[in-house]
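Working notes, structure below.
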Amino acid sequence: MQDSTLNAPEISLSSAASHEEHPDLRVFGLLTFLVSESLMFGGFFASYLVLRGAAAVWPPEGTEVELLVPTINTVILVSSSFVIHLGDTAIKKNNVAGMRLWYGITALMGAIFLAGQAYEYLTLGYGLTTNVFANCFYLMTGFHGLHVFIGLLLILGVLWRSRRFGHYSATKHTGIEMAEIYWHFVDIIWIILFSLLYILTLF
Amino acid sequence: MTQLETSQITTVVTEHELHQRWKWYDYFTFNIDHKVIGIQYLVTAFVFYLIGGLMAMAIRIELNTPDADFLDPNLYNAFMTNHGTLMIFMWIVPAAIGGFGNFLVPLMVGARDMAFPKLNAIAFWLNPPAGALLLGSFFFGGSQSGWTAYPPLSLITANTAQTMWILAIVLVGTSSILGALNFVVTILKMKVPSMQWTQMPLFCWAILATSVLALLSTPVLAAGLVLLLFDINFGTSFFKPDAGGNVVLYQHLFWFYSHPAVYLMILPIFGIMSEVIPVHARKPIFGYKAIAYSSLAICVIGLFVWVHHMFTSGTPPWMRMFFTISTLIVAVPTGVKIFGWVATLWGGKIRFTSAMLFAIGLLSMFVVGGLGGVTLGTAPFDLHVHDTYYVVGHFHYVLFGGSVFGIYAGIYHWFPKITGRMMNETWGRVHFALTFVGTHLTFLPMHQLGLQGMPRRVAMYDPQFAGINHICTIGAIVLGISVLPFFFNAIWSWLYGPKAADNPWDALTLEWTTSSPPAIENWEVLPVVTHGPYDYGRTVEVNQTVQTASI
């Protein structure tokens, strides 16, 4: 009997109201998800290093990588991370037009990156099944390309919502922030990929 | 607080149409209420439990005699593979994390729902197609390479079935990752402000540790399975040694997830134990902080022990040593928990309810299984009994005696909260007695079989093992019968059982402060935490605090 009186909850106005506002919930969720995603890429990186460690010649003859296009691609992708940040800065100053401009440029850069990757695939002269190096190369860059594509869709979604519904302002810009974080993530993964698949094959 | 403020809150809340209940058909739709999703998880998991159990029955009947006279060996392999896969991925993980986690975590931390309700529903609805893929693979020969799907075997058996298996596991894995991130955000960000970290129920600590583990390890399995999928279907050779691939690589990727998966299955169960034992022993839990931190310790150490599954895979001696030691270290936080529960029972006013019986049964089982794990974690002994029935006996003690007993304990404990009706205690005892006897009868002799050298995963065996196998089969039939009183009891009580009070066990955690079953938005006003979750015997003191606070 005493127990049940103990369980009677106290009523408080502050705690009832506090649940409604969780502004940072979605960003925190995205970060948690990206931790998980990096572990998946980590699985691919580790596999690549194990396979490379066991091989006598790496990459095997006939499957050398071309450096020109991917280097240009890298420069474009890395700079796009700065461009997208300008968009985020713009919306925080309530500059919607500026945000659209910078996000539009980022989307364009992302599209150029994907086009460059497609060009690279078509001109390399070997395919997915040629040898273990080619397996890793196409699978890992392909997987990353898929993530760039998703990031591109997010940015286009932001632009569309901004134009169609007039979303986003200096006080409400969580969606913009999330697209930016995702884009940075894709960029960081690419830097690791570029080091592993391209630069380290030179040594 | 003045009277006026209180009445204002009530008005606001009535507009939210509180105290409504879901209709039966709401449970078959894309519902975003965490309680509905929890029940969906639990019921689906129990369906797969029955299917997996029937497969186990078929396997044991086959093994009753040394010849393959009941099942065709290929079908035996498919049953063996899918029994393991279903029980791990479609039963224990969804029931323990998805079911109990979804139903209880928001209630326990005082939230109205999970952080991302729609994502939560998506995570659940990935499960039925995964189950359909697994069962559908039987039309294509069935996946036959065991639940580990080691190449090169998985590359040469029924390819379509194996691909379906991979897709099923990737779906379940995605579900698990989405669920885990939801739990992490809910627990870290949506705990009511009045609840201190040291007032959070131990079940939430366990789910937090589980979720971190799932977030870190599941994606690596996904990576490995994607590589396997490409090897099977698109002509790559990641795991084909003759073309520069590496089979042991798969084992690393696989066990980097699948060893932590053991803790994914057992940590939520540890959480359930930490709730059930103090409530039914009427005592504060012994060593709250030690139990909470040991969950986190298991989560961290659990990520560094996976190679103990690979002692026979050509692992170099230094690696065997490292992973033997790290494996044995996991026994320390686990032991901390066990001692905490035993010390809680010590001198408590124990009520031998069905939930408590299963909790105590779990303790005894888990000590046997855990000690078996210590022996297996030691490289020299593992080399001797590797891939024998000793291993089968060990992990069934941990997974059946550990996880399944825990899920039953949780069901008996929270059934009144989930359904609003009490379960029949007499049938609960019958269920417990049959399960307890059946588990020992089935799995204890398997240790002896293994020490004598009977290999696992085969349909035919040397006649010298026939006697002990016969005992195991009898035990398995007892286990098979044991689910009948449970299902009868659960269904009957859900429909016609006596109405449950809001707090039938006099528990102190937040979920018991709502009605049974909880209304759609859990509370009219969010509760304020004034005492720890297990503060039994401090009633007077706490009551005074409450009174002082309300003045």
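The values are calculated or read from the model by the stated rules, or taken from the named source; none is laboratory data. Keep in mind that what you see is a predicted model, and the values were worked out from it rather than measured. Note: ideal-geometry Cβ built from the backbone for every residue, glycine included; neighbour counts use all protein chains shown.
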Query raised in the report: Yes or no: B:LEU188 within 24 Å of the chain's Cα centre (by Cα), surrounded by fewer than 23 Cβ atoms within 10 Å (Cβ to Cβ) and at the interface with another protein chain (Cβ under 9 Å from one of its Cβ atoms)?
Result: yes
Query raised in the report: Among the residues of the stretch B:525-551 satisfying the criterion of being more than 7 Å from every other protein chain (Cβ to nearest Cβ) and surrounded by 20 or more Cβ atoms within 10 Å (Cβ to Cβ), which is modelled with the lowest pLDDT?
Result: B:TYR536
Report summary line: Filtering the stretch B:319-355 for residues that are surrounded by fewer than 17 Cβ atoms within 10 Å (Cβ to Cβ), in contact (Cβ under 8 Å) with a residue 60 or more places away in the chain and not in a loop (DSSP other than H, G, I, E, B) leaves a count of 0
Report task. State whether the residues of the stretch B:98-107 include one that is more than 21 Å from the chain's Cα centre (by Cα) and away from every other protein chain (no Cβ under 14 Å). Result -> no
Query raised in the report: Quick one: which of B:LEU215, B:LEU181 is of a type outside the set (Val, Ile, Thr), within 8 Å of chain A (Cβ to nearest Cβ) and surrounded by 24 or more Cβ atoms within 10 Å (Cβ to Cβ)?
Result: B:LEU181
Report task. Examine the stretch B:260-280 for a residue that is surrounded by fewer than 23 Cβ atoms within 10 Å (Cβ to Cβ) and within 14 Å of chain A (Cβ to nearest Cβ), and state whether such a residue exists. Result -> no
Query - Residue count, the stretch B:467-520 (criterion: over 19 Å from B:TRP414 (Cβ atoms) and touching a Lys or Arg at 6+ places or on another chain (Cβ under 6 Å)) - result: 2
Query raised in the report: Of all residues in the stretch B:135-146, which are within 17 Å of B:LEU253 (Cα to Cα) and buried (at least 19 other Cβ atoms within 10 Å of the Cβ)?
Result: B:SER145
Requested in this report: Determine, yes or no, whether A:ALA17 is out of contact with any Pro (no Cβ under 8 Å at 6 or more places or on another chain), modelled with pLDDT under 90 and within 8 Å of chain B (Cβ to nearest Cβ).
Outcome: no
Report task. For residues that are farther than 15 Å from B:THR148 by Cβ and either within 35 Å of the chain's Cα centre (by Cα) or within 7 Å of chain A (Cβ to nearest Cβ) (or both), tally how many sit in the stretch B:238-251. Result -> 6
Report summary line: Of those in the stretch B:159-170 that are surrounded by 21 or more Cβ atoms within 10 Å (Cβ to Cβ) and of a type in the set (A, V, I, L, M, F, W, C), the residue nearest to B:THR236 (Cα to Cα) is B:ILE166
Query raised in the report: So which residues in the stretch B:356-386 are part of a helix (DSSP H, G or I), over 23 Å from the mean Cα position of the chain (by Cα) and in contact (Cβ under 8 Å) with a residue 24 or more places away in the chain, if there are any at all?
Result: B:ALA379, B:ASP382, B:LEU383, B:VAL385
Report summary line: Looking across the stretch A:20-46 at residues that are within 18 Å of B:ASP113 (Cβ to Cβ) and within 7 Å of chain B (Cβ to nearest Cβ), the single one that is modelled with the lowest pLDDT is A:HIS22
Query raised in the report: Restricting the search to the stretch A:64-117, which residues are small (Gly, Ala, Ser) and farther than 17 Å from A:LEU153 by Cα?
Result: A:SER79, A:ALA90, A:ALA97, A:GLY98, A:GLY116
Query raised in the report: Does B:GLY245 qualify as being on the phi > 0 side of the Ramachandran plot, in a loop (DSSP other than H, G, I, E, B) and in contact with a Ser or Thr (Cβ under 6 Å, 6 or more places away or on another chain)?
Result: no
Query raised in the report: Which residues, counting only those in the stretch B:446-461, are in contact (Cβ under 8 Å) with a residue 12 or more places away in the chain and closer than 22 Å to B:THR81 by Cα?
Result: B:MET446, B:HIS447, B:LEU449, B:GLY450, B:GLY453, B:MET454, B:PRO455, B:ARG456, B:ARG457, B:ALA459, B:MET460, B:TYR461
Query raised in the report: Looking at the stretch B:18-51, which of its residues are over 23 Å from B:LEU134 (Cα atoms) and touching a residue at least 12 places away in the same chain (Cβ under 8 Å)?
Result: B:LEU18, B:HIS19, B:GLN20, B:ARG21, B:TRP22, B:TYR27, B:ASN31, B:ILE32, B:ASP33, B:HIS34, B:LYS35, B:VAL36
Query - Residues (closer than 20 Å to B:GLY410 by Cβ and either out of contact with any Gly (no Cβ under 7 Å at 6 or more places or on another chain) or without any contact (Cβ under 8 Å) to a residue 40 or more places away in the chain (or both)) located in the stretch B:121-143 - result: B:ASN127
Query - Among the residues listed as B:GLY235, B:GLY224, the single one being closer than 15 Å to A:LEU128 by Cα and either facing chain A (nearest Cβ under 9 Å) or touching a helix residue (DSSP H, G or I) at 6+ places or on another chain (Cβ under 9 Å) (or both) - result: B:GLY235
Requested in this report: Report, by residue number, each residue of the stretch A:60-70 that is touching a residue at least 12 places away in the same chain (Cβ under 8 Å) and either within 14 Å of another protein chain (Cβ to nearest Cβ) or not in a loop (DSSP other than H, G, I, E, B) (or both).
Outcome: A:PRO60, A:GLY62, A:THR63, A:VAL69, A:PRO70
Requested in this report: May I ask you to list the residues in the stretch B:431-460 that are in contact with an Asp or Glu (Cβ under 8 Å, 6 or more places away or on another chain) and buried (at least 21 other Cβ atoms within 10 Å of the Cβ)?
Outcome: B:MET454, B:ALA459
Query raised in the report: Which one of these does B:LEU178 not meet: (1) closer than 28 Å to B:ASP33 by Cβ; (2) modelled with pLDDT under 95?
Result: (2)
Query - Filter result for B:PRO152 (modelled with pLDDT under 95, surrounded by fewer than 20 Cβ atoms within 10 Å (Cβ to Cβ) and away from chain A (no Cβ under 14 Å)) - result: yes
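Okay, residues lined up against (1) among the charged types (D, E, K, R); (2) crowded, with 24+ Cβ neighbours inside 10 Å; (3) modelled with pLDDT under 95:
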residue: B:GLY377; (1), (2), (3): no, no, yes
residue: B:PRO380; (1), (2), (3): no, no, yes
residue: B:TYR390; (1), (2), (3): no, yes, no
residue: B:PHE400; (1), (2), (3): no, no, yes
residue: B:SER403; (1), (2), (3): no, yes, yes
residue: B:PHE415; (1), (2), (3): no, yes, no
Report task. Using the structure shown, decide if B:GLY370 is surrounded by fewer than 22 Cβ atoms within 10 Å (Cβ to Cβ), modelled with pLDDT of 90 or more and not charged (D, E, K, R). Result -> yes
Report task. Look through B:LEU54, B:LEU18, B:LEU4 and report the one residue that is modelled with pLDDT of 95 or more and surrounded by fewer than 18 Cβ atoms within 10 Å (Cβ to Cβ). Result -> B:LEU54
